[in-house]
Amino acid sequence: MKTLWNLSLAAALLAGGVYVYADDEKEHTRPIQSKPLSKHDQSATALYKKECGACHMAYQPGFLPKRSWDKTMKGLDNHFGTDATMDTNDTQTIQNHLMTYASKNDRITDIKGAVALRISQTPHFVREHREVTKKMIAQPEIKSIANCTACHTKAQAGSYREREINIPNYGRWE
């Protein structure tokens, strides 16, 4: 009986530790902002979604650390092969927004000394998508691993829970 109790206690402690670790890694899965925004922050968020969301999903800033967003914003003249430059004031507003809400958790965003520019290259992203096959991604409905909204039904709202994943032509992620 004592052994059963000890095993139960150990399992409970382990589960609690895993939960804390998992919760820590889920920092970037929360919506862009989780508390009420000031009018300035609402305006910056809207501008970010309008400008960046015109070409691709406006990724939640918490997916990358400050240094990555800084490098991205400084290279808008060649943003993954496209000139994404914009008005200087808009650029500064978006830059400030990204810096405010960037990830503070280097453990999930660091690429061993390199500055990550692609969210899909961060260790956490790679680990979370390790079971996704190239065949799944190559579908016309998805096209790219960077197309979060193709499978994550609530990605725009910042939710990436497994129960909300629906891979086109494969169904719910189990």
Residues ASN105 and GLU174, FRET efficiency given R0 of 22 Å [Cβ-Cβ distance, rounded to 0.05]: 0.20
Under 13 Å, Cβ to Cβ, from ASP90 - net charge with Lys/Arg +1 and Asp/Glu -1: 0
³J(HN,Hα) across the stretch 89-99 via Karplus (A = 6.51, B = -1.76, C = 1.60, θ = phi - 60°), whole Hz, x for Gly/Pro? 5, 5, 4, 5, 4, 5, 4, 4, 4, 5, 5
Residue by residue through the stretch 43-50, which ³J(HN,Hα) values in whole Hz follow from phi under the Karplus form 6.51 cos²θ - 1.76 cosθ + 1.60 (θ = phi - 60°), with glycine and proline marked x? 5, 5, 5, 4, 5, 4, 5, 5
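Any of LYS49/LYS154; LYS104/LYS134; LYS71/LYS104; LYS49/LYS71; LYS74/LYS154 with alpha carbons more than 23 Å apart? Name them for me.
LYS104/LYS134; LYS74/LYS154
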What distance in nm lies between label points placed 7 Å from Cα along the C-beta direction at GLU164 and LYS50? 2.5 nm
How much length is gained if the chain between LYS143 and THR91 is pulled fully straight, taking 0.36 nm per residue apart and subtracting their Cα-Cα distance, in nm to one decimal? 15.9 nm
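None of the figures in this text is laboratory data; all of them are computed from the coordinates on show. Note that this is a predicted model, so its numbers are computed, not measured. A quick note on method: Cβ atoms are made from the backbone with ideal geometry, for glycine too, and the neighbour counts reach across all protein chains shown.
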